[in-house]
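A short worksheet on the structure shown next.
The values are calculated or read from the model by the stated rules, or taken from the named source; none is laboratory data. Since the model is a prediction, treat every value here as computed from it, not as a measurement. FYI the Cβ positions are ideal-geometry reconstructions off the backbone, even for glycines, and counts take in every protein chain you see. Surface areas here come from the heavy atoms of the whole protein model, side chains and all, with no ligands, DNA or RNA. Shrake-Rupley method; radii C 1.70, N 1.55, O 1.52, S 1.80 Å.
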Amino acid sequence: MSLRTLKKMGVGVYGSGVYVERGAVIERGAVLYAPCYISVGCHICGGAYIFPYSYLKDTYVGGNTVVRSSTLISAHVGSDAVIGPYSYLREGADIGDNCRIGDFVEVKTSAIGSGTKVAHLAYVGDAEVGSNVNIGCGVVFANYDGKAKHKTTVGDGCFIGCNCNIVAPVTIKDGAYIAAGTTLTHDLEQGDFCIARCKERVKPHGADGRYKNG
């Protein structure tokens, strides 16, 4: 689809490196910044912004959603969401309204409820996550045991702190709180608090000679 055609359709196009394949639907009021590539099967709603270095294929992007320097393949993103920079939404990623999927976050075969934030450096795979959930930096949904994939269910209003491992299959019910550094292997009931850390042991001057450049 030529840039001239896009502009006639009421699409904002900035730069000469915008590529839109035939069959993609770009609604009036959407804005595309070069360089970006919108492949076949995409539907970009009015008011959405696709910023440079984004690649989209077979993906729906809702109104007023912002996509920054990210890859979206066979994904569905609701309205008023912010994606990226450097997010990777793989097949089956279903992102709700008003969500934030931040830098270096990968989502695969997972539904993310409205208002949920996965701000940075996380992997969400084979999961159903409720609304208004906070998923902290470094959280990994451990969905594969070497033989089969397993599902995680997270209820509404949950808090998952930084550097947690969620070992599927588990169910985390509404309002549960998982402290940073926890490896979770059991279900949590509504409102449960979970913390699982090894106790620190400090040996005075125990570092002497352990690091050759120290």
(request) Using Cα centres only, tell me the gap between region 26-87 and region 164-182 in whole Å. (result) 31
(message) Under 22 Å between alpha carbons, and skipping anything fewer than 8 positions from Lys147 in its own chain: which lysines qualify?
(response) Lys108
(request) Report the longest stretch of the chain that contains none of the trypsin sites (Lys or Arg not before Pro) sitting in a DSSP loop with at most 16 other Cβ atoms within 10 Å. (result) 29-89
(message) Let me understand the chain better: what is its radius of gyration from the alpha carbons, and its Dmax, in angstrom?
(response) 20.5, 72
(request) Return one whole number: the accessible area per residue of region 39-96 in Å², for a 1.4 Å probe. (result) 37
(message) How far apart, in nanometres, would the label points at Glu128 and Tyr19 be if each is projected 7 angstrom from Cα along the Cα-to-Cβ direction?
(response) 3.9
(request) Excluding residues fewer than 8 places away in the same chain, name every one of the aspartates and glutamates whose C-alpha is closer than 13 Å to that of Lys151. (result) Asp126, Glu128, Asp187
(request) Calculate what fraction, in whole %, of the accessible area of region 113-214 sits on carbon and sulfur atoms when a 1.4 Å probe is rolled over the protein chains. (result) 52
(request) Mind checking which aspartates and glutamates have their Cα closer than 18 Å to the Cα of Lys57? Skip sequence neighbours fewer than 8 apart in that chain. (result) Glu21, Glu27, Glu91, Asp94, Glu106
(message) Can you tell me, using C-alpha contacts under 8 Å and at least 6 residues apart, the relative contact order of the chain as a whole percent?
(response) 8
(message) Just the number please: accessible area per residue for region 117-179, 1.4 Å probe, all protein chains included, in Å².
(response) 42
